[in-house]
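So the structure is just underneath, and the comments pick up after that.
Rule-based calculations on the coordinates, nothing more; no lab input. Keep in mind it's a predicted model, so treat the numbers as computed, not measured. Using ideal geometry, Cβ is built from the backbone for each residue, glycine included, and neighbour counts are taken over all protein chains shown.
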Amino acid sequence: MLKIPGYEGGPLVQGSAYLDNPLFWPVHLGTSLRGEDAQRAAFGADWDAAMELNRTLSAEHEWPVFNVPLRSGHTIHVVYRNFEDDQGVDYVIHHAAWSKSETLAVVDGHFMGPGMAWPELLSVARQPATEGAGDAAARLLLLFPTLGDAQLPDDAAAVLTTALAALTWIEEPAVVARMLLENQGLWAPAHWTPTAGVWTNDGGHSFRNPGNAFALPERRLLEISDALRDGK
C-alpha cells in the first residue's frame, strides 16, 4: 500500500492508469465546470459513463493517488480522499527531507486554496519527469484545480485549450478552457505577490497567505515557491 509521510487517510493506490482515459479529465476538473452549459460542453453524450467513472474514483476501498515529481526533489501528490462522509481531493507536497507532507490545496465542500498561481502551474507542467505524471498536458490538467490567479496572461486559454485537445474527447476545447478559467477553483481568484523570493497570495482560504492563522511556515513557503517555479 502506498504511503505519504504525515498524510492520514485510507487505502492509497496508484492512479496513473486513469490518466489514459479521456473521460478522467472532465471528471477531475468538474468543480470548475459549474452549470448545465459547462457540463454539456465538457461531457456531451458521455455523461453516464463519466458519472460511472466518478463513482469508481470515489470508492472507499481504493483512494487513487497521482504523483507529480518536481526537479527540486519534491513531489506533489493528488489524492482522492474517499471517506464515506468526507470525500474530496487533497493536493499535498512532500520532500524526502521533510518529516511530513504539507497541504497545498483541498477541493471539497470545505475547500482550502488556492495553492498555485498560473506561472507556477505552467512551470510545474513543463518540468521533465521520468516517473509519475510525465506528460506536460497531464500535469497541467491534474494540478489545474489548485489554481487561483486573478492576473492570468493573455495566452492562458490557448495553453489550456491545447492540453484539453490532446487528452480529452471534448468537441470544443476552447469553449471549455474559457469556462474553466472563468470558474477556476472553489475560491475567488487571488492576487499573488513575490517578497524576497516567497510567492504569497491574499486568499482567505489559502495556506500560502501569511495573513491566515493556518498558513504554512515561512521556511516552507520559500521552499515551495522555489520548487514550483523551478528556482526562478
- Select from 80, 18, 91 the residue whose mean-square fluctuation is largest in a Gaussian network model of the chain (Cα-Cα springs shorter than 10 Å). 18
- Determine the sum of side-chain charges near residue 110: Lys and Arg each +1, Asp and Glu each -1, restricted to other residues whose C-beta is under 14 angstrom from that of residue 110. -3
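Considering only DSSP states other than H, G, I, E and B, which GluC sites (Glu not before Pro) in the range 26-105 qualify as loop sites with at most 15 other Cβ atoms within 10 Å? Don't skip to the end; give the middle numbers.
Details: sites: 36, 52, 60, 62, 84, 102; in loops: 60, 62, 84.
Within the range 26-105, the qualifying GluC sites (Glu not before Pro) (loop, at most 15 other Cβ atoms within 10 Å) are 60, 84.
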- Using Cα pairs closer than 8 Å and at least 6 residues apart in sequence, work out the relative contact order for the chain, in percent. 20
- Message: Given the -39500 (n - 2.57) contribution per DSSP H run of 4+ residues, what per-residue ellipticity at 222 nm results for the chain, rounded to the nearest 500 deg cm²/dmol?
- Response: -9000 deg cm²/dmol
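Could you tell me the calculated FRET efficiency between residue 16 and residue 183, based on Cβ-Cβ distance and R0 = 35 angstrom, to the nearest 0.05? Walk me through the numbers on the way to the answer.
Details: r = 27 Å, r/R0 = 0.77.
After rounding, the FRET efficiency stands at 0.85.
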- Query: Can you tell which of 185, 227, 16 lies farthest toward the positive end of the dipole of the chain, using +1 and -1 charges on the Cβ of basic and acidic side chains (Lys, Arg; Asp, Glu)?
  - Reply: 227
- Item | Radius of gyration and maximum dimension Dmax of the range 1-80, Cα, Å | 14.4, 42
- What ratio of Cα Rg to 2.2 N^0.38 Å holds for the chain? 0.95
- Message: Quick check on the range 157-232: take the gyration tensor over C-alpha atoms, sort the square-rooted eigenvalues as a ≥ b ≥ c, and tell me if it's rounded (a/c under 1.5), prolate or oblate.
- Response: prolate
- Message: Below 8 Å between Cα atoms, with a sequence gap of 6+, how large is the relative contact order for the range 1-104 in percent?
- Response: 27
- Task: Identify the GluC sites (Glu not before Pro) of the range 112-187 meeting these criteria: DSSP loop state and at most 13 other C-beta atoms within 10 Å of the C-beta.
- Result: 131, 171
